[in-house]
Amino acid sequence: MKSDKEIILENIRKSLSSSRNEVANDLQLDNEIKEKLNSVTPSTQNELIRQFQNELEKVDAEFINIESNENISQTLQRLLQDGVVNEIAISDDELICTITESLADITIVKATDYEYPERKSKISQINTAVVFAENGIADTGSVVFYYNTTNTTYPHFLCDWTIIAIKRDSIIANQFELIKNLDLEKAKNMVFVTGPSRTADIEKTLVLGAHGPRRVSVIAIP
Amino acid sequence: MQKLSPLNIKKNVTEALADKNLQKAVLNATASSQDSREHIISEIPYWEELRQKTNNIKSRVINNLDTFLETFETNCKENGIIVHWASDDVSARNIILKIASDNDVKKIVKSKSLTTEEIFLNDALIENGIETLETDLGEYIVQLKEEVPSHLIIPALHLSKEDVGELFTEKLGIEYTSVPEELLQVARKNIRQKFLEADMGISGSNFAIAESGSFVVVENEANAHLTISLPKIHVAVIGIEKIIPDMESLPYFLKLLAPSATGQKSSTYVNFIGGPSRGEYGEGPEKVHVVLVDNGRSKVLQNEQLRETLACIRCGACLNSCPVYQHIGGHAYGWVYMGPIGATLAPQFLGTHEAKYSPYLCTLCGECYKVCPIKINLPEHLLTLRNQIVKDGETAKVESIGMKTFSYVASRPKLYNLLTTIPVVAQSIIPDGKSFSVPGYGNERPLPPFDKLGFKKRFEKEKKNEK
Amino acid sequence: MKVALFIPCITEHLLPETGISMVRVLEHLGVEVEYVENQTCCGQPAFNAGYHDEVIPMAEHFIELFADKEYVIAPSGSCVGMVRLHYERLPLSEKAYSKYKHLQSRIFEFTEFLVNVMKVKSIGGSFNHRVTYHQSCHLANELGIVSQPRDLIKNIDNIDFVEMENSSVCCGFGGTFSYKQEDISLSLVAQKANYIEATSAEYCIGADSSCLMNIDGYLKAHNMKARTMHIADLLAQSLGL
């Protein structure tokens, strides 16, 4: 009795037996794409960051720029106070642990302190998350979370408000550049996030906060 | 759940055209999608090059699909992903039911996957006593209404907000509201609870990456992320044509997908799954299963030109641009896939008998080809499929005889000239200088009368007068 | 310059004035015009309905008639599209195919010929009416003819040219579609008629008689003000020909 795998592969080979079409190489095409892509890519890191900010704001996210490392916790404290937040969920990243350590009057819930399945319900009860994005993509205003550094994505997705810290220098021009330089292992488990969750499934009316965060704030640090 | 068949197209179309609310909803949604798409594309100067590039990439994969699938499987296994192969829908359902029973699954959450609709998965799960909930808002609405999606991207496109309001009041017992924000809140709360309780998450996948043994799920709502990261088991149902060679290929497709599907520069979430996360990260699935589904795709490969139709990334742009879809909506096509791509795949998946009307739901206007991000020459393929339907004897006998006669006469000028005088003569009997009422041309849209002279005689007269 | 006339069956039998207008305009521009005897039909209705084998004898007849002409001109984008694009995929005899390759680059739609070949964008006439323009699908999507008819219209003196909403959306004719899916076809032509009415134009100009016939029939039956007019007729009238 043939397995489904054998049947499928046999059918494919039989179907392709008449001829397997060849496609000419893409050298010229790739060059054309490269040239045109370059023509719309900012040439300095500052311009890239500005583009990142523009795109982020277009997808209804906030961008907060912090000039000096000293002000990070302060800014975060103020932001949380304005939002009347007294409890936050955080990811495992060293930077996040550091900047949240000194927050006053805020209960910090580190997702990885909880085992699964308890982690699910615990984080789901918390409204605000503070997490770290290891990369940003300028031309779409996206941030990138790699599982093997965050060790969780529950704060990023279960809480209503995601506050994302990102280093300005880690913002890359576009997905082509990102993937070109990405470690294959790291690339296997990651997620690109572009603004808050949304849907237009009812009469094409855009509504934010479908199943994921309703509010996204990105804090760009040196 | 209604059993769809494209053999019901004639009846479906009549119903659709009579539904003025449907017409309004579909026209508005497709127009707004088209506008957004055009706006984003105007900012991408290498759009046409992207289309050709992805057509090339898909062509290489499709023409070597066996090798790519084997590579994908090998690399998935190395990542700890369990790979299954399903030659048809029966096999696919059995595989998934077995995974569910092996793991004592009682509650399932699903993210949007038309492939799972194609294999009639939900009914099978529910019949086996497993609670199965669609979590994408549009799919959730359609599931509550016990209907099937009417668009590839916007499942409940055919419903107004009032329709949804009434539905929620009826099925969920809430006080009536038609405010989308409020309706979403109700759905979000209900579904969040289900996410936390579910034993298994079932998703589809947009791209299955052979080189890395990982796959991608693209979405806007975050429901897919929760589907794949909360329950202890994740099952991804993936059509064998979803393969792309490597990570480097992916950005070309992502750059085309969001503008074409939703008029966004990027979808909100691009999820990459490369193995069960529980072992490494302490949360999420302890097992990830991939079910590779054939269900007719390998047969599509037989025709060297039609093979290209497997390159579809299910963006829905062709639907939005199609004047026929705009006027009849998705249900009329009688199958899980609708619009120009649906009309193209139906005869190939279901056969020329069951889908004998499908490729004719089309004026051959060519808009679909213009907007297809992968540059699939849909009008060309629809013509090929019409020819197959004719050759298989599935067109009306009367028409077939008529066409053969037409062919005979129109290649014999003297006979043609003789026979074309008949309508002129016959017409002189009709009063008021009117014309014949023929099929398609009745009172709503009368034909002009046959000219008494015709061009040739008028031209000769013209020349004579000049002299 | 000498051109051979390719007269589509709808023009021959139903709307011959359009053909005559095209002849008059070409002759006005100093072009010698020849009518090729024994024309019948390019086979498009059968081809689009899926009857490809049945088209072969019609196509080979057509190719034989027109193969040695320097220019072949038709007042129809869809017919020219049929010959230029779709004859390519028919299993023609070797002899017919080689003759076809010679013909393929010499067959033109009327406005395409005026603007691209004769380099004429303005024919110097006058037409004191409001007009709008329906962009036929095959003309634009198969042959890429988008600006040529518009340029010719805009350059007529005293003309009031208004673009309609969605000028490029299909009018619903689609050949055999118009009777096989009559109800959808009517829904589409109704939409097109509404767009035309919204411009308050007296005439809807187009370059394909099949579309125009479809739209005109609907306009008339619903007592709408506008009427369709083929661009050949417009140019001829504007010149007083």
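Details
- Cα centroid of the stretch C:1-46 to Cα centroid of the stretch B:183-261, whole Å: 57 Å
- Taking Lys and Arg as +1 and Asp and Glu as -1, the other residues whose beta-carbon sits under 9 Å from that of B:Pro180 total -3.
- 1.4 Å probe, heavy atoms, protein only - residues of the stretch A:182-200 losing at least 20 Å² accessible area vs chain alone: A:Leu184, A:Ala187, A:Lys188, A:Asn189, A:Met190, A:Val191, A:Phe192, A:Thr194, A:Ser197, A:Arg198, A:Thr199
- Each residue of the stretch A:41-46 was assigned a 3J(HN,Hα) from its phi angle through the Karplus expression (A = 6.51, B = -1.76, C = 1.60, θ = phi - 60°), giving 9, x, 9, 10, 4, 4 Hz with x at Gly and Pro.
- Long-range amide H partners of B:Ile244 with built H, under 5 Å: B:Ala208, B:Ile209, B:Ala210
- Each Lys and Arg adds +1 at its Cβ and each Asp and Glu adds -1 at its Cβ; summed about the Cα centre, chain A shows a dipole of about 660 debye.
- Protection-proxy order for peptides C:160-167, A:170-177, A:158-165, B:413-420, each taking the mean of Cβ atoms within 10 Å per residue, highest first: A:158-165, A:170-177, C:160-167, B:413-420
- Protection proxy ranking for B:439-445, B:151-157, using the average of other Cβ atoms within 10 Å per residue and placing the highest first: B:151-157, B:439-445.
- Three-way shape label, the stretch C:82-214, alpha-carbon gyration tensor, a/c 1.5: oblate
- Remark: the protein assembly as shown carries 38 Å² of accessible area per residue (probe radius 1.4 Å; ligands, DNA and RNA excluded).
- For residues of A:14-23, the mean tally of beta carbons on other chains within 10 Å: 6
- Candidate aspartates and glutamates - alpha carbon under 15 Å from B:Lys58, same-chain residues fewer than 8 apart omitted: A:Glu22, A:Asp26, B:Glu49, B:Asp66, B:Glu211, B:Glu241, B:Asp246, B:Glu248, B:Glu304, B:Glu308
- Each stretch of four or more DSSP H residues adds -39500 (n - 2.57); spread over every residue of chain B, this sum gives -15000 deg cm²/dmol at 222 nm.
- Taking a ≥ b ≥ c as the square roots of the eigenvalues of the Cα gyration tensor, chain C is classed as oblate, since a/c reaches at least 1.5 and a/b does not exceed b/c.
- Accessible area in the full protein assembly, largest first, 1.4 Å probe, for B:Trp335, B:Trp47: B:Trp335, B:Trp47
- Where Cα atoms sit under 15 Å apart: lysine pairs in chain C separated by 8 or more or lying on different chains: 6
- Leading residue at positive end of dipole, the stretch A:1-61 (Cβ point charges), from A:Leu9, A:Asn21, A:Pro42: A:Leu9
- Förster-model FRET efficiency, 45 Å R0, A:Asn86 and B:Glu211, C-beta, rounded to 0.05: 0.45
- Surface accessible to a 1.4 Å probe, B:Ser113 within the full protein complex, Å²: 10 Å²
- Among the protein heavy atoms, those of B:Arg60 account for about 70 Å² of accessible surface (1.4 Å probe, every chain in place).
- Spacing of the modelled spin labels on A:Asn54 and A:Asp113, each 7 Å from Cα toward Cβ, amounts to 4.3 nm.
- For the residues C:Val83, B:Val186, a 1.4 Å probe over the protein chains yields an accessible-area ranking, largest first, of B:Val186, C:Val83.
- Peptide packing: for B:165-171, C:19-25, the average count of neighbouring Cβ atoms within 10 Å per residue gives the ranking C:19-25, B:165-171, highest mean first.
- Of the trypsin sites (Lys or Arg not before Pro) in the stretch C:184-234, those whose Cβ has at most 13 other Cβ within 10 Å and which sit in DSSP loop: C:Lys225
- Compared with the dominant principal axis of the Cα atoms in chain B, helix B:378-391 is inclined by about 70°.
- Look at the dipole of the protein assembly as shown built from charges on Cβ: of B:Pro155, C:Pro8, B:Ala25, the Cα furthest out on the positive end belongs to C:Pro8.
- For the stretch B:400-467: rounded, prolate or oblate by the Cα gyration tensor [a/c cutoff 1.5]: oblate
- The Cα center of the stretch A:113-183 and the Cα center of the stretch B:283-357 differ in position by 34 Å.
- 20 Å reach of a label modelled at C:Lys225, 7 Å along Cα-to-Cβ, counting backbone N of the stretch C:106-140: C:127-134
- Average beta carbon contacts from partner chains per residue of A:145-157, 10 Å cutoff: 4
- Evaluating 6.51 cos²θ - 1.76 cosθ + 1.60 at θ = phi - 60° for every residue in the stretch C:205-213, the Karplus couplings come out as 8, x, 10, 10, 5, 5, 4, 5, 5 Hz, glycine and proline recorded as x.
- The mean sequence separation of alpha-carbon pairs under 8 Å and at least six residues apart, normalised by the residue count of the stretch B:6-299, gives a relative contact order of 26 percent.
- Put B:His39, C:His86 in order of accessible area, highest first, and with a 1.4 Å probe you get B:His39, C:His86.
- Under the simplified labelling scheme, the C:Asn128-B:Glu147 pair shows an inter-label distance of 5.5 nm, with each label point 7 Å from Cα along Cα→Cβ.
- Relative contact order of chain A, defined on C-alpha pairs under 8 angstrom at six or more residues apart (%): 23 percent
- Listed by chain and number, the aspartates and glutamates whose alpha-carbon sits under 18 Å from that of B:Lys10, ignoring those within fewer than 8 places in the same chain, are B:Asp19, B:Glu354, B:Glu394, B:Glu399, C:Glu182, C:Asp183.
- Estimated inter-spin distance, B:His39 and C:Asp53, nm [label 7 Å along Cα→Cβ]: 5.3 nm
- Chain pair B, A: total accessible area buried, heavy atoms, 1.4 Å probe, Å²: 7600 Å²
- The B and C chains share an interface that buries close to 5500 Å² of accessible area, total over both sides, probe 1.4 Å.
- Between C:Ile123, C:Ile145, C:Ile184, the GNM of chain C built on Cα springs shorter than 10 angstrom shows C:Ile184 fluctuating the most.
- Calculated from backbone phi, Karplus (6.51, -1.76, 1.60) coupling profile of the stretch C:156-165 in Hz, x at Gly/Pro: 7, 4, 6, 7, 10, 9, 10, 6, 8, 5
- Averaged over B:356-366, number of beta-carbon atoms from partner chains that fall within 10 Å: 6
- Placed amide H near C:Gly175: partners under 5 Å, 5+ positions off or other chain: none
The values are calculated or read from the model by the stated rules, or taken from the named source; none is laboratory data. Only a predicted model underlies this, so the values are computations on that prediction, with no experimental measurement involved. A quick note on method: Cβ atoms are made from the backbone with ideal geometry, for glycine too, and the neighbour counts reach across all protein chains shown. These area figures cover heavy atoms from the full protein model, side chains too; ligands, DNA and RNA do not enter into them. Shrake-Rupley method; radii C 1.70, N 1.55, O 1.52, S 1.80 Å.
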